[in-house]
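Every number in this text was worked out from the coordinates using simple rules, so none of it is lab data. Owing to the predicted nature of the structure, the values given are computational and were not obtained by experimental measurement. Cβ placement follows ideal geometry from the backbone for every residue including glycine, while neighbour counts extend to all protein chains displayed.
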Amino acid sequence: MKALRSVKGMHDIFPDEMPRWHFVEQTYRELVERYGYGEIRTPILEPLELFVRSIGEATDIVEKEMYAFEDKGGAQLGVRPEGTASVIRAYIQHNLQARQPISKMYYLGPMFRRERPAKGRYRQFYQAGAELVGIKSPAADAELIDMVVQFVKRLGIEQINVQLNTLGDRQTRPRFRAALVDYFTQFEKELCPDCVRRLRVNPLRILDCKVKTCKAIAADAPVVLDHLSEEARTDFEQLQSILDRSQTSFTVVPTMVRGLDYYTSTIFEIEVNSDALGAQASIVGGGRYDDLVEQLGGRSTPAIGYSFGIERLIAVLGSSASIEPRPVYYVAAVGDSGFERASDLTRELRNKGFHVEVAYQAGSLKSQLKRANRLAADAVIIAGDDEAARGAVTLRDMKTGEQQEVPLAELEQRIEARK
Ligand code: HAM
């Protein structure tokens, strides 16, 4: 029978890769919890309308990449392509505002986008992120950006480029939109069919188009920084000066717009230069979305957040991160009652917190040493009859091959000292 394969762009992640995943995830949890963020877990399936209303119907994600289907009861569902929409849905549904006027939430989990698979681009990928809901201030934006920069650096990724822009406020956006419509209307005949539609639905999306001719036209399009209201300009300048003060380096990229419709003012990305991802690649993306809570049926509430792809960070980490695996000990069973003795000793050592492996059936010492070798055991504890009679075991160093008899009472201390 033909063996089945995983869905294109969706991958298995194996135990030997997990130390890197855990390193990233644990470093992330540990850091954001220091800033007062608590974990939130939301469902992977949501009403399709949630994503259409938040991410935007003219975006690539909703138009081309969403996994959407009707379930057997006729409900229209979407498989989450990102985390923000769900977090805000939960925030409104459970009235989190009443409990905590400023809510800080972080998340980790799989997301799904039917993109063209490439290096660092998958159809199921893992994202982690954070959302700070209920506060609008340049200091809040700066703290959030600084937090994710600290995180990336803590992983040992130093060569990063923080790109910053603003989409302005409620006064700015209609002005900028009008300027874009004026500009792109002149080129309507040259735009791709998608962009002709975008011109009506959301002209900002044209700035994100990947088609060559559209890109060339967009290169001379108006930039938002020329259309900022006084207040939006002051906020953006303040954010930059706070970032300067905390020595968070950044570059203002006036043409950056980001690919989701919910963004309002501050937007940012963190790029790395990495062969593993194919030249320049974005590892973190985020921004302010002050209208989303209201758009999803809640009270007007400002918010900002970001997320990053865990696979992309792991690819950039490469082999540079020194992630020490826990040492493995192997208890070898030899002699008449060796098998029982070995299992008892194994249970005892595991209870004390050591990673211990043992044979599942009696066998020769040679075959057990072979298995210990394959498991990359640091040492083998040989529990033979003779030693047992003396209340001892033999400790074999797997690197040097040296063997020593160790009284059972000292075993824990001896293997602890090897760490
Ligand atoms: P995004 O820019 O669409 O933003 O995605 C954020 C990050 O997720 C990207 O920088 C990338 O590292 C990773 N990512 C996206 N698509 C893929 C893929 N197909 N394969 C692998 N990694 C991928 C958001 O999702 C927003 N929710 C960010 C946000 C949170 N804004 C405010 N709050």
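Here are some notes:
- DSSP beta bridge pairing in the range 287-419, given as percent antiparallel to the nearest 5: 55
- Taking amide H as placed 1.01 Å from N in the peptide plane, M66 has its amide H under 5 Å from the amide H of R114, each at least 5 places away in sequence or on another chain.
- Taking the DSSP bridge list for the chain and keeping only pairs wholly inside it, about 80 percent are antiparallel.
- GNM flexibility winner over the chain from S246, S364, S300 (Cα, springs under 10 Å): S364
- The HN-Hα couplings worked out from phi for the range 106-118 by the Karplus form 6.51 cos²θ - 1.76 cosθ + 1.60 (θ = phi - 60°) are 10, 8, 9, x, x, 10, 9, 9, 7, 8, 6, x, 7 Hz, whole numbers, x standing for Gly and Pro.
- In the chain, the calculated helix contribution to ellipticity at 222 nm averages -11000 deg cm²/dmol per residue, counting -39,500 (n - 2.57) for every DSSP H run with n ≥ 4.
- Segment R347-Q100, extension gain: residue separation times 0.36 nm, minus the distance between their alpha carbons: 84.3 nm
- Stokes-Einstein diffusion for the range 1-136 at 4 °C, viscosity 1.567 mPa s, with a Kirkwood radius from C-alpha pairs, works out to 77 µm²/s.
- Around the amide H of A332, modelled in the peptide plane, lie the amide H atoms of I381, I382, A383, all under 5 Å away and 5 or more residues distant in sequence or on another chain.
- Pair-distance distribution P(r) for the range 141-227, from all Cα-Cα distances in 10 Å bins starting at 0: 15, 37, 23, 20, 5 percent.
- Residue among K153, K72, K210 with the largest mean-square fluctuation in a Gaussian network model of the chain, springs linking Cα atoms under 10 Å: K72
- With θ taken as phi - 60° and the Karplus curve 6.51 cos²θ - 1.76 cosθ + 1.60 applied, the whole-hertz 3J(HN,Hα) list for the range 271-276 is 10, 10, 9, 8, 5, 4 Hz, x standing for glycine and proline.
- Percent of C-alpha pairs per 5 Å bin, the range 209-368, short to long: 1, 6, 10, 11, 11, 10, 8, 6, 5, 5, 5, 5, 6, 5, 3, 1, 0, 0
- With at most 10 neighbouring Cβ atoms within 10 Å, loop GluC sites (Glu not before Pro) (DSSP) excluded, longest segment of the chain: 159-401
- From phi via Karplus (6.51, -1.76, 1.60), per-residue ³J(HN,Hα) for the range 123-135 in Hz, x at Gly/Pro: 8, 10, 9, 9, 10, 10, x, 8, 10, 10, 10, x, 9
- Taking Cβ atoms as reference points and 13 Å as the exclusive limit, the residues near E17 contribute a net charge of -3, counting Lys and Arg as +1 and Asp and Glu as -1.
- Computed over the chain, relative contact order equals 15 percent, with contacts defined as Cα pairs under 8 Å that lie 6+ residues apart.
- The spacing between the range 1-42 and the range 265-335, judged by their C-alpha centroids, is 10 Å.
- Oblate is the label for the range 363-419, because a/c, from the alpha-carbon gyration tensor with a ≥ b ≥ c as root eigenvalues, is 1.5 or above and a/b does not exceed b/c.
- The convex hull defined by the C-alpha atoms of the chain has an orientation-averaged projected area of 28.0 nm².
- 5 angstrom amide H check on G363, placed H, neighbours 5+ away: none
- Cα convex hull volume per residue for the range 328-410 (Å³): 84
- Exposure proxy ranking for D397, D261, D16, D141, based on other Cβ atoms within 10 angstrom of each Cβ and starting from the fewest, stands as D16, D397, D261, D141.
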